[in-house]
Structure formats: C-alpha cells, structure tokens
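Peer 1: One structure, as structure tokens, below. Some questions next.
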C-alpha cells in the first residue's frame, strides 16, 4: 500500500485537502486542549451547528459559505459568552439551546432557498473533493491568526483552565480571555467544516486531548501528544476517505476514536 | 521593598454585602497592616469567605469602600502583590495535566508580557517558592498523584511564586491529615516571621495557631477584632456569642 499512499498526492485536490487537513489538525488539537480542560467540550458542537447557519446563508445567497460560517460562528460564540455572563442560566443548557436553535434556522434557510443538495451534504460530513484553492487560503490565513492568538495567551489560558478565580485574582483579564478563546474556537470550527464537517468537528477538537490526557503527562507534553494524535487521525482519515470514497469527516473521526480506544487500553496497564 | 507602615494593606470601611435582601455582612470596617498574621474565624455561613472574596474583588460589595495598598479596589492593578489560596485548593482534578512545576509557574503568569520568555527571575522565584513550601523534590510529579497535604503546599507555592506581600488563605486544609496541617502551619509561621509576609488565614483550627497570630477577626455578619487572640479564645462568651465550635477552645487548652 506504500506506493498507493504516495499516489494520492498526484492529485491536486488531494494536495489541497491534505494541506487544509493538516492545518485543521493543528488548530483543532491546540484549541481543543483549552476547551476540554475548561469542561467546555460541548461548545465545539454548538458552534459547529451555528456555523451551518452561515453555510446556509452562503449557499442560498451566493456568498462564500466558509466566510459566512466564520462570521456566524463568532456571533454565536459571543452570544453564548454574553448569556453565560449576564443571566443565571446553566452553561450546558445555553449550549443545548443554541445548538438546536442554530440547526433549526439553518434548515429553514436551506429549505426556503431550495438548497438541499450534495453541496450541503459535504458541509455536514466533510469532503476531500470540495476543498478549493480559495478554501486553503482562507483556512491558512484565518488559521494562522487563530493559532497565533492561542500561543500568545497559552500561559494565561492554561492558568484559567486550572482555576478561573485564582487566575482572576492574580490579575489576569478573565472576561477578555474567555471571549478571545470562544472567538478563536468559533473561527477554527468554521474553518474545519470543509474537511471534517459540522456534525463531526467536535470530535476532532475533543478526542485528541482526551486521549493524550490518559497518559498523565505535564501540560506541554500533553499538548504535543494531542497534536500528534490529531495529525495522525486526519492523515489516516483522508487516506481512507480517498480509497473507500467515504466522507472525510467520518473517516477522520473513526481514526481519532481508534486512537482514543488504544490510549485507554495502553494507559490502563 | 517593605510597604509603608502608615498605609494599611487592606483598608475597609463600612462594607456591607447582601444577596436577595439577606444581609450576609453588615458594616464591616477593618485595617490590615504589613507583616501581620491575622486569623479569621466564625461559624459556617457567617460570611468569612464572602469577606475575603470582596477583598479580592471576586464579589462586589453592596456598599462601603475597600482600599488595597492605599488604592481603591477598582483602581488597584498590582495583583501580584496578593497571593490567594482558595477553599478548594487541595481538591485538584486528578486528571489535570500539570506537574508541580507547571502549577507553581502559573504564579508568574500575570507578570508576563506577550511572547515573554521565562526569565532567570521567574525561575528563581519559582524555585524559591518551592523551597519555602518544601516541595522541591516533587517538582516533576503530576499534581493529581499528590496527597492532600502536598497539594496544599503546591497551591501555596503557586501563590508565593509571584512574590506577594500578602497571602490570603481560605481554609485550604480540608481533607488534609493532622501531621501535614501542623507542618503547613509552621511553614506559614516562618513566612510571616522570617519573610515578613502578611498572612490572612480563614481557619477552623485557630487554637493550634493561637501563638503565631497577631490579631483575630471573628466574622458572623458583623466583625469583631481582637488584638489579643489567646485571651479571646479562652473567653467563654466569645465562643457562645459566635457559635464557634467548642473544639477550638479545647485544642487551645491542649496545645499548652
């Protein structure tokens, strides 16, 4: 199979998909580490569904769906943070409400626009065939910005994940950083739905970190391990997607799930 | 640099806190000066934790004024001068990916600029904090694998890493065995006596540290200040008035 694996890179669409996939693997795992440690895993699911509203608007109105997804996901993230800060609602309930609300809006927009088709399907489950050159550029530009912000504030975000109040007392700007984190996560999720699909991106954010946590290592090593897991999953997932003509999001998630099960088994010893 | 003795570290005037119409604290005024060791006692629900949270800006007072190092709370920026060890300190998530070094290093975070590298000064501060709390040999251990007493010292070292002038501890010793607690108390005493760090300590164990502390605050909606803690503790009316557990007095007697 060794020769065959190299063969897939002869296709330009595969080169694009791989490039986009690798960037997304890095972004999803790095941001996922902070999200998981803050017990905020479900926000990725919610924002992914919100991003679908953007995709729906994009498809129906003829704008770039990826751009629209980024914008709507950011707005949704801000609404979630605002609700969390200003109303005494349970965080997980807010996420559940926003998730179903977004999906309902997306479905209505798509229905009214008569756009229930394959193009929408690819946004739900990811597709290696659909990554355009423009998409790669968008993913690279926004992705670099998002990663830059995460690395810039990595120490602060780690401290907040450990204990938000103690971090606040030590002078860290909690509100600002919470908004920043959800904004960056919203951008990353919106960018990822091209390759992983909005119904499956949550798994790529959460599972690499959860798997890495099983090995009980320090923060830096855990982050690196999570990154490695994400990259392996995306690479394997894309190769399977190519060979078996399956939606790439599904094959990526199954790959990362396999890594999770292996991690559980190995760390139990 | 030692803080000017004239300016209290905490200067609180007529502080009240009410929630849903219920008065938790009313009309609290107090001053805490440099290098004092202060214990805060009082019944559960009496408002000890709320008082400390207001001093730290975590809860907002309904009325009254708080000044820290002479500045109004909202204008105060030098938070690294204050080390905070919260109630749940020793209950760290067992899966949290952090070594003792990772956790203690957090104490340096707020003094960093963007992209700032760890400087020699940071390293020195983290090492010295670990030495003070006697956890240097645990440096590379995962926080989740430590005992309650060890975690307590780690969390305290994190607070010390910012080189604070005040250390505020809110009953950090729940779930910690007696030997570890006594060791912790002697470390606190040393911080106060040798390093001249001001300590504000909410505790149930005031009998054990009665010899170390300079002043005693009793909080039960109102605040009573006592500059002769040992005398106050042996006073029967005090325990009846504030509903302090009888074992405090008991401990004290046994300690001497």
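Peer 1: Given axes a ≥ b ≥ c from the Cα gyration tensor, I'd like to know whether region B:1-106 is rounded (a/c under 1.5), prolate (a/b larger than b/c) or oblate.
Peer 2: Oblate is the answer for region B:1-106, as a/c is 1.5 or above yet b/c matches or exceeds a/b.
Peer 1: Still on this structure, I have one more. Count, for each residue of A:204-214, the Cβ atoms from other chains sitting within 10 Å of its Cβ, then give me the mean as a whole number.
Peer 2: Neighbouring Cβ atoms belonging to other protein chains average 1 per residue here.
Peer 1: Counting only other chains, and only Cβ atoms inside 10 Å, what mean value do you get across the residues of B:100-109?
Peer 2: Other-chain Cβ atoms within 10 Å of each residue's Cβ, averaged: 5.
Peer 1: Right, here's the next one. For region B:1-69 and region A:137-177, compute the distance between their C-alpha centroids and round to whole Å.
Peer 2: About 31 Å separates the Cα centre of region B:1-69 from the one of region A:137-177.
Peer 1: Follow-up question, since we're still on this one. Assuming R0 = 25 Å, what is the FRET efficiency of residue B:75 and residue A:175, from their Cβ-Cβ distance, to the nearest 0.05? Intermediate values should be presented prior to the final figure.
Peer 2: Details: r = 18 Å, r/R0 = 0.71.
The value I calculate is 0.90.
Peer 1: What translational D, rounded to a whole number of µm²/s, comes out for region A:2-268 from Stokes-Einstein when the hydrodynamic radius is the Kirkwood one over Cα pairs, at 4 °C and 1.567 mPa s?
Peer 2: Roughly 70 µm²/s, to the nearest whole number.
Peer 1: Rank the residues B:96, A:140 as a footprinting-exposure proxy: fewest other Cβ atoms within 10 Å of their Cβ go first.
Peer 2: So the ranking, lowest neighbour count to highest, is A:140, B:96.
Peer 1: Then there's this: Can you give the Rg/Rh ratio of region A:117-269, where Rg is from the C-alpha atoms and Rh is the Kirkwood radius?
Peer 2: Working: Rg = 17.0 Å, Rh = 16.8 Å.
Ratio of gyration radius to Kirkwood radius: 1.02.
Peer 1: By count of other Cβ within 10 Å, fewest leading, how are A:78, B:79 ordered?
Peer 2: A:78, B:79
Peer 1: To check my understanding: the extent here is largest minus smallest coordinate of the Cα atoms along each principal axis. What are those three numbers for region A:80-158, in Å, largest first?
Peer 2: 42, 32, 17
Peer 1: On average over all directions, what projected area in square nanometres does the protein assembly as shown have, based on the convex hull of its Cα atoms?
Peer 2: Orientation-averaged projected area of the Cα hull: 28.0 nm².
Peer 1: Still on this structure: If you find the alpha carbon centre of region A:218-269 and of region A:52-104, how far apart are they in angstrom?
Peer 2: With region A:218-269 and region A:52-104 each reduced to a Cα centre, they are spaced 27 Å.
Peer 1: Could you give the length gained by full extension between residue B:13 and residue B:137, i.e. 0.36 nm per residue of separation minus their alpha carbon distance, to one decimal place?
Peer 2: 40.2 nm
Peer 1: How far is it, in nm, from the label point at residue B:196 to the one at residue A:100 when both lie 7 Å from their Cα along the line to the Cβ?
Peer 2: In this crude label model, residue B:196 to residue A:100 measures out at 6.3 nm.
Peer 1: Related question: Please give the calculated 222 nm ellipticity per residue for the protein assembly as shown, where each DSSP H segment of at least 4 residues contributes -39500 (n - 2.57) and the sum is spread over every residue; nearest 500 deg cm²/dmol? If you can, show how the numbers build up before the last one.
Peer 2: Values: 22 runs with 301 residues, N = 525.
Computed mean residue ellipticity for the protein assembly as shown: -18500 deg cm²/dmol.
Peer 1: Shifting gears a bit: Could you tell me what % of all Cα pairs in region A:144-205 have separations over 16 Å?
Peer 2: Cα-Cα pairs of region A:144-205 separated by over 16 Å account for 50 percent.
Peer 1: Turning to a different aspect of this structure: Send over the Kirkwood Rh of region A:53-112, from the inverse of the averaged 1/r over different Cα pairs, rounded to one decimal Å.
Peer 2: 12.1 Å
Peer 1: Ranked highest first by the average count of other Cβ atoms within 10 Å around their residues, in what order do A:206-213, A:231-238, B:65-72 fall?
Peer 2: Packing proxy ranking, top to bottom: A:206-213, A:231-238, B:65-72.
Peer 1: Just the ratio, please: alpha-carbon radius of gyration of region B:68-166 over 2.2 N^0.38 Å, N its number of residues.
Peer 2: It is 1.11.
Peer 1: Shape call for region A:1-144 from the C-alpha gyration tensor, a ≥ b ≥ c root eigenvalues: rounded (a/c under 1.5), prolate (a/b greater than b/c) or oblate? If you can, show how the numbers build up before the last one.
Peer 2: Working: a/c = 2.38, a/b = 1.43, b/c = 1.67.
Here region A:1-144 falls in the oblate category.
Peer 1: Take every residue in peptide B:78-86, count the Cβ atoms of other chains within 10 Å of its Cβ, and give the average of those counts.
Peer 2: 3
Peer 1: Which value in nm describes the separation of the simple spin-label points at residue A:134 and residue B:60, placed 7 Å from the Cα toward the beta carbon?
Peer 2: 4.6 nm
Peer 1: Next question. Order the peptides A:163-175, B:198-210 from the highest to the lowest mean number of other Cβ atoms within 10 Å of their residues.
Peer 2: B:198-210, A:163-175
Peer 1: If we sort B:131-139, A:16-24 on the protection proxy, mean other Cβ atoms within 10 Å, highest first, what's the order?
Peer 2: Top of the packing list down: A:16-24, B:131-139.
Peer 1: Given a Förster distance of 35 Å, report the FRET efficiency between residue A:11 and residue A:257 from their Cβ-Cβ distance, rounded to the nearest 0.05.
Peer 2: Values: r = 27 Å, r/R0 = 0.77.
That pair, residue A:11 with residue A:257, gives E of 0.85.
No lab work stands behind these numbers, since they all come straight from the coordinates. Only a predicted model underlies this, so the values are computations on that prediction, with no experimental measurement involved. Here the Cβ is made from the backbone with ideal geometry for all residues, glycine too, and neighbour counts use every protein chain on show.
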